[in-house]
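Q: This is the structure, below, for whatever I ask next.
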Amino acid sequence: MKRLVLILLALGASGNAIAGWHSAAQDIFGTEVSVQLWHDDNRAGVDAISAVFDEMHRIDALMSTWRDDTEMAAVNAGAAATPVEVSVELFELIRRALELGTLTRGAFDITYASAGFLFDYRERVRPGQAALDDALAVVDYRLVRLDREACTVFFPRAGMRIDLGGIAKGHAVERGVKILRKLGVAHALVSAGGDARVLGDRRGRPWAVGIRNPRGERDAVYATLPLVDEAISTSGDYERYFEEDGKRYHHIINPRTGDSPSDVRSVSVIGPDGVRTDGLSTGVFVLGVADGLELIESLAGYEAVIIDAELQLHVSSGFDSLKQ
Ligand code: AMP
Ligand code: MG
């Protein structure tokens, strides 16, 4: 007995080789990023979490539209005048975003930003109808010109801009998990706001990922999903919004009308790829229950949970098989 205690103390003193759960959170992308993982080595577990946060800061510095020193900001400042060269990473994500535009028949449209930037949810600012109509005239993802050889982005109309807010966190979560996998981690949960990915299980049981009650407190859970090796993205009308005359103006915008959809309150999409679940959750939010579920049914491996304006739950047909 005595001998066993001594051995444990020796391991503890070295700071290494103690297996266990590690978790930490940081504010990145204007939201909370959190990582939970199991590692057989204490020190390596802490280092793995830092590596994920470093990666997220790198992606934020590349893609944020809130800062004017990012590649993304350079695109919006220059691409209507001349093609702007970007990194392969940004090029690829824009390409995938445009693909999601096609898949959602324009419900997910990164050029929504021409209209979207006229809103400031914190300051309760929204454009008048004339300004909104002018902006909507150049909202169309099919206009964006990508040149793969030159790795450039070009906007053929003045006033066009793009924003990857509906897909960048899914990308960041995917990258974070990839790093963990490379570092030998087999059980982890990486989340950035409403986008999360689980790596493996929670050592013998699934991860339990909660879907928030859209009208509850921040920690009020509406439903819990057991997930193993899967991505989940939730888009909600409660993230960034203000209300005026009983109408909620929130951060998801219908690219055709400039309105914030009001028939659903939250959409969660579950599937094998976090970039897709992220774009789809935003796109399905715009499509609404019937068209949104029809789209999800057409995609192998993807499921959705929608909470409508009456707080009724709608789920895609494969959802039962997700329950344990
Ligand atoms: P998410 O929380 O993933 O649904 O992303 C919401 C964010 O996506 C917003 O804050 C905007 O940056 C962006 N966004 C809003 N409406 C659209 C849209 N119709 N298509 C693509 N991105 C959008
Ligand atoms: Mg999204």
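Q: Out of segment 238-270, which residues are on the phi > 0 side of the Ramachandran plot and either part of a helix (DSSP H, G or I) or crowded, with 16+ Cβ neighbours inside 10 Å (or both)?
A: Hit for segment 238-270 is 258, nothing else.
Q: Quick one: count up the residues across segment 148-187 that are closer than 27 Å to residue 21 by Cα, open to solvent by less than 50 Å² (accessible area, probe 1.4 Å) and out of contact with any helix residue (DSSP H, G or I) (no Cβ under 9 Å at 6 or more places or on another chain).
A: Count: 1.
Q: Something else: Looking at segment 30-48 only, could you name the residues that are under 30 Å from residue 166 (Cα atoms), hydrophobic (A, V, I, L, M, F, W, C) and over 19 Å from the mean Cα position of the chain (by Cα)?
A: Correct list: 37, 38, 46, 48.
Q: Here is a further query. Test residue 167 against the stated conditions and say whether it is within 16 Å of ligand 1 (Cβ to nearest atom), in contact with a Ser or Thr (Cβ under 7 Å, 6 or more places away or on another chain) and not aromatic (Phe, Trp, Tyr).
A: The answer is no for residue 167.
Q: Another question about this same structure. Within the group 136, 98, 164, 118, which residue is within 16 Å of ligand 2 (Cβ to nearest atom), under 20 Å from residue 259 (Cα atoms) and not small (Gly, Ala, Ser)?
A: Going through 136, 98, 164, 118 in turn, the sole match is 164.
Q: Among what's in segment 271-290 and is part of a loop (DSSP other than H, G, I, E, B) and either in contact (Cβ under 8 Å) with a residue 40 or more places away in the chain or within 9 Å of ligand 2 (Cβ to nearest atom) (or both), pick the residue that is least open to solvent (accessible area, probe 1.4 Å).
A: Across segment 271-290, the extreme among qualifying residues is 273.
Q: From the residues in segment 48-73 that are of a type in the set (Asp, Glu) and out of contact with any strand residue (DSSP E or B) (no Cβ under 9 Å at 6 or more places or on another chain), which one is least open to solvent (accessible area, probe 1.4 Å)?
A: In this case the residue turns out to be 55.
The values are calculated or read from the model by the stated rules, or taken from the named source; none is laboratory data. Not measured: the values here are computed from a predicted model. Backbone-built Cβ (ideal geometry, glycine too); neighbour counts: all protein chains shown. Side chains included, ligands, DNA and RNA excluded: accessible areas come from the protein's heavy atoms. Shrake-Rupley method; radii C 1.70, N 1.55, O 1.52, S 1.80 Å.
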